[in-house]
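As structure tokens, the structure follows; a few thoughts come after it.
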Amino acid sequence: MARENISKSLEVYYEIIDCCPLRDRQFNFFEFVYVLSGNGVHGINGNQLPFEAGDLFLITPHDCHSFDLDGICEFMVIRFGEYYVREYQWKSIDHIECLLYNASDLSGTVLINHEDKKMVKSLIQHLQQTINQETVYTEDLVRHLVNALIVIAARNIAIIKPKNISQHAENRILQILDYIQEHIRVPERLSIAVIAERFDLSPTYLGSYFRKQCNESLQQYISSYRIRLIEHRLRFSDRRVHEIADEFGFTDESHINKFFKRHRGMSLKQFRDSVMKVV
């Protein structure tokens, strides 16, 4: 299957087409596609999803996608690579790169929140105006607008239920998941006893309740979530192993390497070296 790369860290362009020029391509970068006008079907990873004006799709690296258009359509396309995410200091938006990488769990448009749809429409309009007016500050302004779009997309992705969660999940389990994500770097707050007390449940009931709602054990979820964040620290930051160990509450490098190797079969350094080879 053909793969496509980008030569710049960020590319933004407008297009009006009546057929998709690319079929079943995999990209080595992130791509936002905003539908300005028209409709049709978006095919991604074997799923066929209808689209219309106002939809925003996020295609992540290694997704396979194409568009089937019902007549003429207008799009704004924004492409950026892993290095673009790494070089931006997100500050208050914690783990944003992890949210982006898990957007493949979406079943359609990124935009879930109605108010965000209006905000994105305005951002896209400003992007169009900016790329059509080449001035000394054009590149800086484009980056600020794109970064705002990334934050809004991540905010919407974050409110979507994890893919393993029961379709009939109660509000309490969503609160428990929020609690775990908020305290993922503080291990002493993630014991079954502490979480059970926080939500006024018995430890025994919490374990069976969590498994029923999420189709995995509480400890499995905590471990997989922590592993995912560690992987993205390795992929997107220059932090040293001992700094990542400190961030996630491990006693030292040996401790975090044992934990990581148990789940991924390699050390943190080996993982970082392997992902750097394909960037």
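The values are calculated or read from the model by the stated rules, or taken from the named source; none is laboratory data. Since the model is a prediction, treat every value here as computed from it, not as a measurement. Note that each Cβ is placed from the backbone with ideal geometry, even for glycine, and that neighbours are counted across all protein chains shown.
Summary of values
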| item | result |
| --- | --- |
| Subset of the stretch 246-279 (residues that are part of a helix (DSSP H, G or I) and over 29 Å from residue 80 (Cα atoms)) | 246, 253, 254, 255, 256, 257, 258, 259, 261, 262, 263 |
| Inter-residue pairs, beta-carbon under 7 Å, first closer than 15 Å to residue 110 by Cβ and in the stretch 34-58, second among the basic types (Lys, Arg) and not in a strand (DSSP E or B), 6+ apart | 54/117; 54/121 |
| Unmet requirement for residue 201, which otherwise passes all of (1) out of contact with any Ser or Thr (no Cβ under 8 Å at 6 or more places or on another chain); (2) at pLDDT below 90 | (2) |
| Some residue of the stretch 239-251 being assigned by TED's automatic domain parsing to the domain that holds residue 185, more than 22 Å from the chain's Cα centre (by Cα) and over 17 Å from residue 185 (Cα atoms) | no |
| Test: residue in the stretch 63-78 that is within 29 Å of residue 178 (Cα to Cα), crowded, with 20+ Cβ neighbours inside 10 Å, of a type in the set (Asp, Glu) and at pLDDT below 90 | no |
| Complete set of residues in the stretch 205-231 that are in contact with a Cys (Cβ under 8 Å, 6 or more places away or on another chain) and free of Cβ contacts under 8 Å to residues at least 24 places away in the same chain | none |
| Qualifying residues in the stretch 9-27 (those that are within 21 Å of the chain's Cα centre (by Cα) and modelled with pLDDT of 75 or more) - the one surrounded by the fewest Cβ atoms within 10 Å (Cβ to Cβ) | 11 |
| Residue check, residue 225 modelled with pLDDT under 90, in a helix (DSSP H, G or I) and closer than 30 Å to residue 84 by Cβ | yes |
| Single residue of the stretch 46-75 satisfying the filter (within 16 Å of the chain's Cα centre (by Cα) and in a loop (DSSP other than H, G, I, E, B)) that is nearest to residue 151 (Cα to Cα) | 60 |
| Residue that is nearest to residue 272 (Cα to Cα), among those in the stretch 232-247 that are buried (at least 18 other Cβ atoms within 10 Å of the Cβ) and in contact (Cβ under 8 Å) with a residue 60 or more places away in the chain | 235 |
| Any hit, the stretch 116-133, residues being assigned to a loop (DSSP other than H, G, I, E, B) and at pLDDT 70 or above | yes |
| Selection within the stretch 253-265 - surrounded by fewer than 20 Cβ atoms within 10 Å (Cβ to Cβ) and on the phi < 0 side of the Ramachandran plot | 253, 254, 255, 257, 258, 259, 261, 262, 263, 264 |
| Residue check for residue 201: assigned to a helix (DSSP H, G or I), surrounded by 14 or more Cβ atoms within 10 Å (Cβ to Cβ) and among the aliphatic types (A, V, I, L, M) | no |
